[in-house]
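Asks: Take this structure first; my questions come after.
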Amino acid sequence: MRNRPTQLLLVTGLLAAVLATGCVSWRSLQPVPPSVAAGRRLTRQGVAAMEVDRWDEAEELLREAVEKSPEDPEAQKYLAEALWRRGMQSEAMQHMAIASKFDRHDATTAVRAGEMLLATGDARSAISQADRAVRLDKSLAAAWTLRGRAYAAQGDLDRGLADLQRALWLSPNDADVLMESAQLYHERKQEQRCLATLHRLRDAAPPQEKLPAILQLEAETYLALNRPQLASERINEAIALSGSTPTLVALKAQSDRQLGLNVAQQPVADDTTLR
């Protein structure tokens with residue numbers, strides 16, 4: 001059994017170690033300024049309003065949160081999202097830029113800022129945000145996806161595809177990225193790679209609403225490969241799922257021509273005949 005002086009030394013040593021290594025924890029126990037506490041409370045209330053689609057109320061609460069605590073990146077980010085949802089894109093991006101300034105080490109904030117920029121046509125600035133996000137977190141698939149989309153929007157399909165493939169390596173079953181990759185392969189006339197990507201997408205069980213677009217792109221790819229019978233089958237599947245569209249009508253006529261059918265003698269296709 002240890003004597004009392006030894007026990008006192010152990011306790012003193014442990015306390016010294018805690019004080020030496022736990023300074024951040026001690027600081028985190030300091031009182032939060034009332035304005036910051038009020039801002040956080042208002043932010044939580046604003047987010048709760050967003051979750052039930054009360055966007056007017058959310059905007060009001062989040063504006064008040066930003067007034068109380070303008071340096072809180074969470075309040076700035078959620079206000080940006082509320083404004084974006086309500087169609088106030090320019091102001092939304094201003095608040096997202098402020099959030100990014102105060103949350104410089106968060107890759108997801110950089111990605112969201114870049115997504116907003118890309119949606120408004122500023123691909124160059126979106127690439128800058130994506131580069132920053134990649135530097136912060138190379139394992140974040142959304143950062144590579146953003147950069148791939150932005151490069152593709154600028155017409156650099158090679159770099160766009162390379163980044164989308166990196167995103168798929170990190171998130172293999174992302175239906176949106178698989179579809180965008182297939183579309184880029186089709187634009188580059190790499191039809192076999194397009195089909196392989198589409199088949200991979202089908203195997204990943206995409207949402208039902210994506211199937212007509214997948215089938216249409218498959219049909220376009222089969223036509224490019226001069227395989228009209230398969231193209232016709234995909235067109236018919238797409239029509240059965242979602243009805244005819246002008247694009248599907250045109251693809252149907254093209255497949256019929258490739259099959260050697262006399263399109264001129266056939267009745268003009270409309271919603272009724274195609275179904």
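Asks: Taking the stretch 238-256, which residues are among the charged types (D, E, K, R) and in contact (Cβ under 8 Å) with a residue 24 or more places away in the chain?
Replies: Hit for the stretch 238-256 is Asp256, nothing else.
Asks: Please work out if Glu220 is part of a helix (DSSP H, G or I) and exposed (fewer than 14 other Cβ atoms within 10 Å of the Cβ).
Replies: When the stated conditions are applied, Glu220 does not pass them.
Asks: Considering only residues of the stretch 172-186 that are more than 12 Å from the chain's Cα centre (by Cα) and assigned to a loop (DSSP other than H, G, I, E, B), which is nearest to Trp144 (Cα to Cα)?
Replies: Ranking the qualifying residues of the stretch 172-186, first place goes to Pro172.
Asks: Name the pairs whose Cβ atoms lie under 6 Å apart, with the first residue in the stretch 153-169 and surrounded by fewer than 21 Cβ atoms within 10 Å (Cβ to Cβ), the second outside any helix (DSSP H, G or I), and 6 or more positions between them or separate chains?
Replies: Leu157/Arg188
Asks: Return the only residue of Lys189, Lys210, Lys138 being within 18 Å of the chain's Cα centre (by Cα) and in a loop (DSSP other than H, G, I, E, B).
Replies: After applying the criteria, what remains is Lys138.
Asks: I need every pair where a residue in the stretch 128-141 that is among the hydroxyl-bearing types (Ser, Thr, Tyr) and modelled with pLDDT of 95 or more has its Cβ under 8 Å from the Cβ of a residue that is crowded, with 19+ Cβ neighbours inside 10 Å and assigned to a helix (DSSP H, G or I), sequence separation at least 6 or different chains.
Replies: Filtered contacts from the stretch 128-141: Ser128/Gly114.
Asks: Could you please let me know if Ala130 is on the phi > 0 side of the Ramachandran plot and either hydrophobic (A, V, I, L, M, F, W, C) or part of a helix (DSSP H, G or I) (or both)?
Replies: No, not satisfied.
Rundown of residues vs (1) in a helix (DSSP H, G or I); (2) under 19 Å from Glu187 (Cα atoms), yes/no style:
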{"residue": "Ala205", "(1), (2)": "no, no"}
{"residue": "Leu215", "(1), (2)": "yes, yes"}
{"residue": "Asn226", "(1), (2)": "no, yes"}
{"residue": "Ile235", "(1), (2)": "yes, no"}
{"residue": "Ser255", "(1), (2)": "yes, no"}
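The values are calculated or read from the model by the stated rules, or taken from the named source; none is laboratory data. Remember, predicted model here, so these are calculated numbers, not experimental data. Counting neighbours? That spans all protein chains shown, and the Cβs are built from the backbone with ideal geometry, glycine included.
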